[in-house]
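Working notes for the structure below.
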Amino acid sequence: MDRVDIVVAGGGAAGLAAAAAFGTLGLRVVCVDPAPEDGPDPAGDLRTTAILAPGRVVLEGAGLWEGIANHATPLRVMRIVEAGGPRPVRRDFVAGELGRTEFGWNVPNRILRRAFAARLAALPGVDLRRGVGFASRLAGAEEVVVGLTDGRRVAARLLVGADGRHSAVRAACGIGARVLRYGQKALVLAVCHETPHEGVSTEVHARGGPFTLVPLPDHEGSPCSAVVWMTDGAEARRLLALSPEALAEAVNARSAGVMGPLRPVGPVQAWPVVTLTADRLVARRTALMAEAAHAVPPIGAQGLNMSLADLGALVALARERPGGIGTDAWLRDYARMREPDIRLRAAGIDLLNRASIAGAAPLRLARGLGLRAMHDLGAVRRGLMRLGLGLDRPG
Ligand SMILES: Cc1cc2nc3c(=O)[nH]c(=O)nc-3n(C[C@H](O)[C@H](O)[C@H](O)COP(=O)(O)OP(=O)(O)OC[C@H]3O[C@@H](n4cnc5c(N)ncnc54)[C@H](O)[C@@H]3O)c2cc1C
């Protein structure tokens with residue numbers, strides 16, 4: 001039986017980042033994922049991830065930023081447009097107001113995974129095993145013995161469950177999860193436009209959920225953005241079945257012209273939208289992180305950034321108390337550091353999503369008024385920006 005410091009279950013963006021961060025600390029790590037090389041469908045994840053400033057710090061610490069820096073498009077302004085009322089309300093949240101050049105950086109998911117896997121290959125203490133999943137755990141006072149789907153076993157001081165929203169680690173620990181469903185899907189696609197985006201990420205609210213344009217590098221000389229379009233399931237199915245011309249028409253109608261005419265490039269994908277919070281973050285010799293612990297609708301770029309905050313907490317504890325890794329007290333501190341922030345963000349995003357779904361005219365009007373109120377008071381605006389960025393955390 002192999003013996004290491006940490007087993008990471010899950011080789012998605014979060015699990016790979018965790019394996020790299022622990023490996024960078026000089027810990028011995030085994031990271032397992034049943035999906036083949038580069039994730040379940042390498043060319044297939046069309047999503048992009050906006051990494052916010054605190055998330056970048058965690059990635060830099062794990063030696064992961066270098067591999068993605070050249071593919072990262074800076075985000076300087078967060079524009080919110082309320083297009084559901086009688087007159088559009090448009091408000092800008094500008095990074096410069098917080099003394100920053102940018103809020104974050106947008107990176108295609110396939111680049112993230114490839115760059116993270118390349119970093120792991122350069123870390124001698126990290127063993128990334130593809131095609132092998134977590135199967136079982138036997139946790140004792142001193143170590144956890146992890147059973148893998150290939151029949152092998154690995155003993156470790158800590159098991160990290162980063163195995164996604166249907167986490168087998170969470171189930172093996174007997175930890176339940178609260179799941180809120182909205183009947184929504186998030187459609188993702190890329191669009192080109194004539195107007196340069198100038199680092200502006202734009203969220204358009206009308207009904208059915210937000211429609212967000214996030215800056216990408218130019219495509220064949222044209223400015224480009226990633227679209228995340230949240231809408232109800234039936235409408236998503238209808239949109240997915242449209243001809244390219246009809247889809248382009250629908251995209252342009254929904255964008256309310258905020259970026260001029262949009263030209264979809266490449267395929268469209270639909271992703272499920274839920275809020276999920278695990279009942280607990282820890283069990284004996286085991287910590288849950290990322291979507292195994294929390295999933296939120298794709299609003300305000302919180303998903304992976306919350307996961308990087310989980311990782312930041314685990315790394316801080318591993319640095320401060322390396323001898324205590326995986327002990328009850330160490331795990332209790334991890335839960336204490338992360339639970340209030342996760343609860344606050346999951347509740348906040350749930351609320352924003354429900355408000356954005358609202359189709360009734362008075363509710364849309366209220367949303368416009370709410371946007372004005374939140375934006376036009378300087379202190380409230382700056383406070384919200386700091387909170388959204390993760391510069392201020394409860395707990
Ligand atoms: C449309 C959309 C847009 C988004 N945009 C952003 C954004 O801009 N910014 C942001 O911060 N977040 C964003 N998110 C969220 C972000 O994409 C996710 O938080 C992140 O990709 C999830 O990472 P993960 O590694 O936790 O989960 P996953 O990517 O689901 O990875 C889990 C991994 O676990 C593996 N696994 C499954 N079973 C086992 C097992 N038994 N043993 C071991 N491994 C197992 C799976 O194969 C998978 O590779 C977005 C999400 C969506 C849907």
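The values are calculated or read from the model by the stated rules, or taken from the named source; none is laboratory data. Being a predicted model, the structure only gives us computed values, none of them experimental. For neighbour counting, all protein chains shown are included, and Cβ atoms are generated from backbone atoms with ideal geometry for every residue, glycine included. For accessibility, only protein heavy atoms count, side chains too; no ligands or nucleic acids. Shrake-Rupley method; radii C 1.70, N 1.55, O 1.52, S 1.80 Å.
Of the residues in region 167-177, at least one is part of a strand (DSSP E or B) and surrounded by fewer than 22 Cβ atoms within 10 Å (Cβ to Cβ). Scanning region 1-13 for residues that are open to solvent by 10 Å² or more (accessible area, probe 1.4 Å) and under 16 Å from Ser167 (Cβ atoms) yields Gly12, Ala13. Checking the stated criteria, Leu242 turns out to be more than 30 Å from Arg28 (Cα to Cα) and surrounded by fewer than 19 Cβ atoms within 10 Å (Cβ to Cβ).
When the residues of region 259-276 are filtered to those that are more than 12 Å from the ligand (Cβ to nearest atom) and out of contact with any Asp or Glu (no Cβ under 7 Å at 6 or more places or on another chain), the one that is nearest to Gly161 (Cα to Cα) is Pro267. All conditions but one from (1) under 30 Å from Val154 (Cα atoms); (2) in contact with a Lys or Arg (Cβ under 6 Å, 6 or more places away or on another chain) apply to Gly26; the one that does not is (2). Of all residues in region 161-196, those satisfying the criterion of being away from the ligand (no atom under 11 Å from the Cβ), more than 30 Å from His219 (Cα to Cα) and in contact (Cβ under 8 Å) with a residue 60 or more places away in the chain are Cys173, Gly174, Ile175, Gly176, Ala177, Arg178, Val179, Leu180, Arg181, Tyr182. Considering only residues in region 279-295 that are aliphatic (A, V, I, L, M) and within 16 Å of the chain's Cα centre (by Cα), the one that is nearest to Ala139 (Cα to Cα) turns out to be Leu288.
Does His205 meet the test of being crowded, with 20+ Cβ neighbours inside 10 Å, over 20 Å from the mean Cα position of the chain (by Cα) and under 16 Å from Val81 (Cβ atoms)? Yes.
Residues checked against (1) over 22 Å from Ala270 (Cβ atoms); (2) not aliphatic (A, V, I, L, M):
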position: Ala117; (1), (2): yes, no
position: Pro124; (1), (2): yes, yes
position: Gly151; (1), (2): yes, yes
position: Gly161; (1), (2): yes, yes
position: Leu189; (1), (2): no, no
position: Cys192; (1), (2): no, yes
position: His197; (1), (2): yes, yes
position: His205; (1), (2): no, yes
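For region 107-114, the criterion of a residue being over 25 Å from Val7 (Cβ atoms) and touching a strand residue (DSSP E or B) at 6+ places or on another chain (Cβ under 8 Å) is satisfied by at least one position. Against the numbered list (1) open to solvent by less than 30 Å² (accessible area, probe 1.4 Å); (2) farther than 22 Å from Val94 by Cα; (3) touching a Lys or Arg at 6+ places or on another chain (Cβ under 7 Å); (4) not in a helix (DSSP H, G or I), Ala248 comes up short only at (4).
Look at (1) open to solvent by less than 40 Å² (accessible area, probe 1.4 Å); (2) under 16 Å from Thr24 (Cβ atoms) and you find that Ser307 fails only one, number (2). Residue count for region 30-52, restricted to those that are farther than 30 Å from Ser136 by Cβ, of a type in the set (A, V, I, L, M, F, W, C) and at pLDDT 90 or above: 3.
Screening the candidates Leu352, Leu387 for the property of being touching a Lys or Arg at 6+ places or on another chain (Cβ under 9 Å), at pLDDT below 90, under 23 Å from Asn305 (Cα atoms) and not aromatic (Phe, Trp, Tyr) yields one hit, Leu387. Would you mind stating whether Thr286 is farther than 30 Å from Pro74 by Cβ, touching a His at 6+ places or on another chain (Cβ under 6 Å) and either touching a residue at least 40 places away in the same chain (Cβ under 8 Å) or of a type in the set (A, V, I, L, M, F, W, C) (or both)? No, not satisfied. Criterion applied to Arg332, Arg338 was being at pLDDT 90 or above and either surrounded by fewer than 13 Cβ atoms within 10 Å (Cβ to Cβ) or outside any helix (DSSP H, G or I) (or both), and the one residue passing it is Arg332. Ser243 passes every criterion in (1) within 14 Å of the ligand (Cβ to nearest atom); (2) on the phi < 0 side of the Ramachandran plot apart from (1). Just one of the numbered conditions (1) within 19 Å of Ala295 (Cβ to Cβ); (2) touching a Lys or Arg at 6+ places or on another chain (Cβ under 6 Å) is not true of Val179: (2). Inside region 209-233, residues that are crowded, with 21+ Cβ neighbours inside 10 Å and either outside any strand (DSSP E or B) or touching a helix residue (DSSP H, G or I) at 6+ places or on another chain (Cβ under 6 Å) (or both) make up a count of 3. A count restricted to region 277-304 and to residues that are open to solvent by 20 Å² or more (accessible area, probe 1.4 Å) and near the ligand (Cβ under 8 Å from one of its atoms) stands at 5. Residues of region 142-156 that are open to solvent by less than 70 Å² (accessible area, probe 1.4 Å), closer than 15 Å to Ile6 by Cβ and part of a loop (DSSP other than H, G, I, E, B): Glu143 alone. When each of Arg254, Arg263 is tested for being touching a residue at least 24 places away in the same chain (Cβ under 8 Å) and assigned to a helix (DSSP H, G or I), the lone residue that passes is Arg254.
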